[in-house]
1. Filter the range 8-56 down to the residues that are in contact (Cβ under 8 Å) with a residue 12 or more places away in the chain and hydroxyl-bearing (Ser, Thr, Tyr) and list them by number.
2. Being surrounded by 10 or more Cβ atoms within 10 Å (Cβ to Cβ) and out of contact with any Asp or Glu (no Cβ under 6 Å at 6 or more places or on another chain) narrows it down to one residue among 50, 97; which is it?
3. Can you tell me how many residues in the range 49-63 are under 11 Å from the mean Cα position of the chain (by Cα) and either closer than 22 Å to residue 19 by Cβ or aromatic (Phe, Trp, Tyr) (or both)?
4. Sort through 92, 129 and tell me the only one that's closer than 30 Å to residue 19 by Cα and modelled with pLDDT of 65 or more.
5. Residue check: is residue 65 in contact with a Phe, Trp or Tyr (Cβ under 9 Å, 6 or more places away or on another chain), at pLDDT 90 or above and of a type outside the set (D, E, K, R)?
Amino acid sequence: MAGRRRYPYPTDLSDAEWELVRPLVPRVKPGGRPALHQRREIVDALAYWLRAGCAWRLLPHDLPPWQTVYHYWRTWRLEGRWEQILAVLRERERARLGRDPTPSAAIVDSQSVKTTEKGGCTATTGARRSTGARGTCSSIRSASC
């Protein structure tokens, strides 16, 4: 597939985006088999998969094979590569906006924290009785109201 051009997908990285990401993506290891697919094609395929939310096997055929894309995604995940890439990009963006690259505090409000207790009235469905003449089930109001 090297050298063959394909129509771009909306999820493909622009040249400027690729220049930001390229130093963070591992290079081909020396001494092994030569890579069949460029790293940019792998990253573009990962961006497509992430945005589409599709199964690996449903990646379009003009992208690298799904097995190859999955291999790199899994390897880089186990290495912690994605966390490193996101940390670097987040720090660059915060610096570009004139903010501290590494924030020292976070704000958590009651709307973003989930509780374990139920509040308010709840309804429960009663246990089924025999499957005899009556085939209906009744809803019983909880005593919490």
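1. Result: 9, 11, 48.
2. Only one candidate passes the filter, namely 50.
3. 3
4. Answer to the check: 92.
5. Details: in contact with a Phe, Trp or Tyr (Cβ under 9 Å, 6 or more places away or on another chain): no; at pLDDT 90 or above: yes; of a type outside the set (D, E, K, R): yes.
No; evaluated as a whole, the condition is false for this residue.
Residues checked against (1) surrounded by 13 or more Cβ atoms within 10 Å (Cβ to Cβ); (2) β-branched (Val, Ile, Thr); (3) at pLDDT below 95:
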| position | (1), (2), (3) |
| --- | --- |
| 3 | no, no, yes |
| 6 | yes, no, yes |
| 16 | no, no, yes |
| 44 | yes, no, no |
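The values are calculated or read from the model by the stated rules, or taken from the named source; none is laboratory data. Remember, predicted model here, so these are calculated numbers, not experimental data. So basically every Cβ, Gly included, is an ideal-geometry build from the backbone, and we count neighbours across all protein chains shown.
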